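Below: one structure, written as structure tokens.
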Amino acid sequence: MELTKDEESALKGEHGETMQMAYRILVATGEATDAEKLIPIEWTHLSGVNYNTIGDAGEELLSGISKDARVKVKTTLNPMGFDIDNVSNYGLDENFISKQLSIKNSYETMGVIPSFSCIPYEIFDIPKDGTQVAFAESNAAIHANSYDNLKTNKESAFSALASALTGKSPYSSLRKEDKPNITINMKIKNPNELSYGMLGFFAGKVGDTSVNISGLSEMDNRQCKAMCGGMGTSGTCAKFIFGDGDSDCEKIDFDEKELQNVHDELNTAENGDIITLGSPQLGLEEITELTEKLKGRSFKKRCMVFTPRTVKVQMQKLGYTNELERAGCEILSDCCTCLTPLINKDNVDTVTTNSIKGAFYLKNSNGVGVNLKPLSQIIEDETK
């Protein structure tokens, strides 16, 4: 891979140990993906925030490099493990709280925007078409490539952090022009958000880096979001394109049989002890819809609603917070259904959700049973 003199110098350690580490990560990633060179990027979105996922080693690494490292481009953050406003309400381990706050402080010291959201595309302005970014959150990377007309590979926590510190990423894969070799024909009639999530989960399994989707003329943001969330959990695929693709593309149907197969893989319970909504986190449009659907109704069991802090502020101003709390919802920001210690097998056996991404992580990481339902059915079955 071709490097500039300045990049070579940083790789040799002449700009300090942290920059040497960052360039080593980028060069190793570039060589593994046949990159020709490193190119400038304008925005990074980091994973590697939740103490549950990065542990002591990650916390210590961030604490060390934050002493002198600063990000060179706009950098935003994925959710952490709890809502800092009400962490005292959940009886979390003091060590977890301390380590999570250390991670938060390290990122803020480096100049990272403490957004703690997996939906940066809903809470920040989108750059012009074709802008190169580096997103480590899987649903955000897919959304960027497929819906926002940006360019990013599906970055790892390490490669995204290295890009934030250097302002560069390897020029490979989806940063170039890409032609999918598979077309998935959507054959589900009257799909709901769960159907789109299942389509994404299926596409993530059968696709390589990208897929064509036929049988759909367009999707609104909520449908796209559900599909991106599903696709991001099941494989390496990081982009979808509407259309049939080239004549030599392999054609695969997503029909009722495949829909049922995804449902059977992720649905492991007939009902849930609690309800979770927001994986990816709910944006203002979804919060508005939920508020309208719950007018005059209330949940019969605990319902946790995950949303970014910026949306939480907007909700309060619009009066949605009072309405949802009256309906029995717990509003949480800074965290997400996935990987949070707020939901674990020690205090919950089963969870009802309308999220494919949430179902995947609740089952495989949190270790709880999952009851999958679309939002309309959740409200019909679980409210009074």
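What value, in deg cm²/dmol to 500, does the helix sum -39500 (n - 2.57) over DSSP H runs of n ≥ 4 give at 222 nm once divided by the residues of the chain?
Taking each H run of at least 4 residues, the total per residue is -12500 deg cm²/dmol.
Pairs on different chains or at least eight residues apart, Cα atoms closer than 28 Å: how many lysine pairs in segment 310-377 fit?
9
Got a sec? Charge dipole of the chain, +1 on Cβ for Lys and Arg, -1 for Asp and Glu; which of VAL313, TYR196, CYS237 is way out at the positive end?
Working it through, the farthest residue towards the positive pole turns out to be VAL313.
Taking 0.36 nm per intervening residue step and subtracting the Cα-Cα distance, what contour gain separates SER217 from ASN271 on full extension?
Gain on extension, SER217 to ASN271, equals 16.0 nm.
Given C-alpha coordinates of the chain, what is the ratio Rg to Rh with the Kirkwood estimate of Rh?
Dividing the radius of gyration by the Kirkwood radius yields 0.97.
Once fully extended, how much extra length lies between SER9 and ASN181, figured as 0.36 nm per residue of separation less the alpha-carbon to alpha-carbon distance?
Roughly 58.0 nm would be gained on extension.
Rounded to the nearest 0.05, what FRET efficiency do ARG70 and ILE252 give with R0 = 51 Å and r taken as the Cβ-Cβ distance? Could you check?
0.65
Quick one: compute the contact order of the chain, relative version, from alpha carbon pairs under 8 angstrom and 6+ residues apart, as a percent.
Relative contact order here is 17 percent.
Once you charge only the Cβ atoms, +1 for Lys and Arg and -1 for Asp and Glu, what is the size of the charge dipole of the chain about its Cα centre, to the nearest 20 debye?
600 debye
Which net charge results when you count Lys and Arg as +1 and Asp and Glu as -1 among the other residues whose beta-carbon is under 14 Å from that of GLY232?
Surrounding charge for GLY232 is +3.
About the Cα centre of segment 244-384, how large is the charge dipole given +1 on each Lys and Arg Cβ and -1 on each Asp and Glu Cβ? Please answer in debye to the nearest 20.
Using only the charged Cβ atoms, the result is roughly 1060 debye.
Local charge sum around TYR147 (other residues, Cβ-Cβ under 12 Å, Lys/Arg +1, Asp/Glu -1)?
Once positives and negatives cancel, what remains is -2.
Roughly how big is segment 5-175's charge dipole about its Cα centre, with Cβ charges of +1 (Lys, Arg) and -1 (Asp, Glu), in debye to the nearest 20?
For segment 5-175, the charge dipole is close to 420 debye.
So for the pair LYS37, THR236, with labels modelled 7 Å out along Cα→Cβ, what separation do we get in nm?
The two pseudo-label positions are separated by 2.5 nm.
Efficiency by 1/(1 + (r/R0)^6): what FRET value for GLU380 and SER156, r their Cβ-Cβ distance, R0 = 45 Å, to the nearest 0.05?
0.65
For ASN261 and THR109, what does the FRET efficiency come to when R0 = 45 Å and r is the distance between their Cβ atoms, rounded to the nearest 0.05?
0.45
Name the residue farthest towards the positive end of the dipole of the chain from the options ASN221, SER169, PHE299, assuming +1 on Cβ of Lys and Arg, -1 on Cβ of Asp and Glu, about the Cα centre.
Value computed over the given set: PHE299.
What residue among THR183, THR76, THR53 has the largest mean-square fluctuation in a Gaussian network model of the chain, using Cα springs under 10 Å?
THR53
Mind telling me which of GLN314, GLN132, GLN281 comes out most flexible in a GNM of the chain, alpha-carbon contacts under 10 Å?
Looking only at GLN314, GLN132, GLN281, the biggest GNM fluctuation is shown by GLN314.
Considering the options SER98, ILE126, ILE54, tell which one lies farthest towards the positive end of the dipole of segment 38-131, charges being +1 on Lys and Arg and -1 on Asp and Glu at the Cβ, about the Cα centre.
Checking the options against the dipole of segment 38-131, the answer is ILE126.
May I ask for the distance between the Cα centers of segment 147-169 and segment 295-317, given as a whole number of Å?
About 31 Å separates the Cα centre of segment 147-169 from the one of segment 295-317.
Quick one: net charge around ILE331, please, counting Lys, Arg +1 and Asp, Glu -1 for every other residue with C-beta under 12 Å from its C-beta.
Neighbourhood net charge equals -3.
Taking the chain as a Gaussian network, where each spring joins two C-alpha atoms under 10 Å apart, which residue of ASP334, ASP208, ASP178 fluctuates the most?
Between ASP334, ASP208, ASP178, it is ASP178 that shows the largest mean-square fluctuation.
So how much slack lies between VAL313 and LYS295, counting 0.36 nm per residue of separation and subtracting their Cα-Cα distance, in nm?
Roughly 4.4 nm would be gained on extension.
Each reported figure results from applying straightforward, stated rules to the coordinates on display, with no laboratory input. Computed from a predicted model, the values in this text were never measured in an experiment. Methodologically, a virtual Cβ is constructed for each residue, glycine included, from the backbone with ideal geometry; neighbour enumeration extends over all protein chains shown.
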